[in-house]
Amino acid sequence: MAENKGIKTIGVLTSGGDAPGMNAAIRAVVRRGIARGLTVKGIRRGYSGLIEEDIVDMTAKSVSDTIAKGGTILYTARCAEMRTPEGVQKAVATCHKFGIEGLVVIGGDGSYRGAEKLANEGINVIGIPGTIDLDIACTEYTIGFDTAVNTAMDAIDKVRDTSTSHERCSIIEVMGRHAGYIALWCGIANGAEDILLPEKYDFDEQKLIDNIIDNRRRGKTHHIIINAEGVGHSASMARRIEAATGIETRATILGHMQRGGSPTCKDRVYASTMGCIAVDLLIEGKTKRVVGYNNGEFSDYDINEALAMSKAISEYQVEIAQSLSHNYYRSEALRAADRS
Ligand code: ATP
């Protein structure tokens, strides 16, 4: 273990959308920090708390009984003022006032941008990827994704039961903002007939409609379409599909239930590990880094490099999702044979 380069007090905050597992990361920052001789401050409501001096002392006990809890005990917020130079200066002043020399920021890309500005002002900052959307380019893993996809998968299984009983078509909209990871994973895990991803969907609704009709002709009693938030419009799509196919079609928007709930084992373990790594990096005197997980290993990246990276949804996963849905990508000849 690297020796402490002299840092005495660190802070931790959660910013942007909440994600299950954030509490495990906070707990790890607090307990690892204390174990390594640091004083740890909790900053409530993200950057708003930093600007408004909403700071609490964290003890090992303050994070008791939190590892299994969803949400974030420090609360989270989106703070427009942090985007301004004045906001950044206020945040820096708070750090100086409370002796916060190092800061762990748990959040997404936007939160990293704020962190980078603080780092430029001399506050040592380490980012941890916390978002259910999995849309952070420098890492294959983000805190909360695993819990969110499991929650969505369970909900979709339930919708599927009723959809089959009523021989309906169901459009189930999952979260993910502009990214289709939750939709793709649920599409595969729930055996959806169609998956609409913002990265791929060509808005050719007729293709969807033909597919539903073909399916029904072949005796399938349900048709599950997983629609990503980034495609959206599930309710109006359901109305158009019902009108075109004559098959009862319902839209279910899973919404914020995907963000809540007790984190999975994976989210608890990875978030705990990332929290400890962030503290160790601060103790080593590192700053402007973000923790990531790739190819089976945890590592850290320069924030600017991380923000400049891009990642694409796996073409192979998309392709297997299509081939496992079995019917959509049947050849035209097979489709024509079905119709005759
Ligand atoms: P999620 O993926 O859950 O939305 P996020 O961290 O990307 O998480 P944002 O709302 O984009 O969420 O950012 C969180 C906060 O980070 C903002 O409310 C703001 O306070 C701060 N922030 C975002 N962009 C900047 C920026 N360019 N400069 C300074 N601060 C920023």
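Summary table
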read-out: Relative contact order of the range 183-340, defined on C-alpha pairs under 8 angstrom at six or more residues apart (%); value: 27 percent
read-out: Mean separation of Cα contacts under 8 Å (6+ apart) over length of the chain, as relative contact order %; value: 23 percent
read-out: Fraction of the pair-distance distribution of the range 4-54 above 13 Å, Cα-Cα pairs, percent; value: 60 percent
read-out: Rounded to 5, percent antiparallel among DSSP beta bridges of the chain; value: 25 percent
read-out: Added length on full extension, which subtracts the Cα-Cα distance from 0.36 nm per residue, A80 to A244; value: 54.6 nm
read-out: Rounded accessible area of E248 (nearest 10 Å², 1.4 Å probe); value: 60 Å²
read-out: Approximate spin-label separation D57-Q322, in nm, with each point projected 7 Å along Cα-to-Cβ; value: 6.0 nm
read-out: Charge dipole magnitude, Cβ of K and R +1, D and E -1 - the range 252-333, Cα centre, debye nearest 20; value: 300 debye
read-out: Cα-based radius of gyration of the range 104-241 once divided by 2.2 N^0.38 Å, which approximates compact folds; value: 1.29
read-out: ³J(HN,Hα), Karplus 6.51/-1.76/1.60, whole Hz, each residue of the range 255-260, x for Gly, Pro; value: x, 5, 4, 6, 8, x
read-out: Farthest toward positive dipole pole in the range 1-135 [+1 Lys/Arg, -1 Asp/Glu at C-beta], among M58, V88, G107; value: M58
read-out: Tail beyond 35 Å, pair distance distribution of the chain (Cα, percent); value: 31 percent
read-out: Table column - 3J(HN,Hα) (Hz), the range 57-74, Karplus curve with 6.51, -1.76, 1.60, x for Gly and Pro; value: 6, 9, 10, 4, 6, 4, 10, 4, 6, 10, 4, 8, 8, x, x, 9, 5, 8
read-out: Debye, to nearest 20: dipole size of the range 105-225, +1 on Lys, Arg Cβ, -1 on Asp, Glu Cβ; value: 300 debye
read-out: The range 1-112: antiparallel DSSP beta bridges as a percent of all, rounded to 5; value: 30 percent
read-out: Largest to smallest accessible area among R250, R78 [probe 1.4 Å]; value: R78, R250
read-out: Top positive-direction residue, dipole computed over the chain with Cβ charges, set N304, T245, A119; value: A119
read-out: Ordering of 273-281, 85-93, 25-33, 6-14 by packing [mean C-beta count within 10 Å, highest first]; value: 25-33, 273-281, 6-14, 85-93
read-out: Cβ-based charge dipole, the chain, positive-most Cα from H233, T39, A271; value: T39
read-out: The chain - accessible surface per residue (Å², probe 1.4 Å); value: 43 Å²
read-out: Total charge dipole magnitude, the chain, about the Cα centre, Cβ charges on Lys, Arg, Asp, Glu only, Debye to nearest 20; value: 700 debye
read-out: The range 94-154-the range 213-253 distance, computed between alpha-carbon centres (Å); value: 37 Å
read-out: 5 angstrom amide H check on E199, placed H, neighbours 5+ away; value: G180
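The values are calculated or read from the model by the stated rules, or taken from the named source; none is laboratory data. Quantities reported herein were computed from a predicted structural model and do not represent experimental measurements. Every residue, glycine among them, receives a Cβ derived from its backbone with ideal geometry; neighbour counts consider all protein chains shown. These area figures cover heavy atoms from the full protein model, side chains too; ligands, DNA and RNA do not enter into them. Shrake-Rupley method; radii C 1.70, N 1.55, O 1.52, S 1.80 Å.
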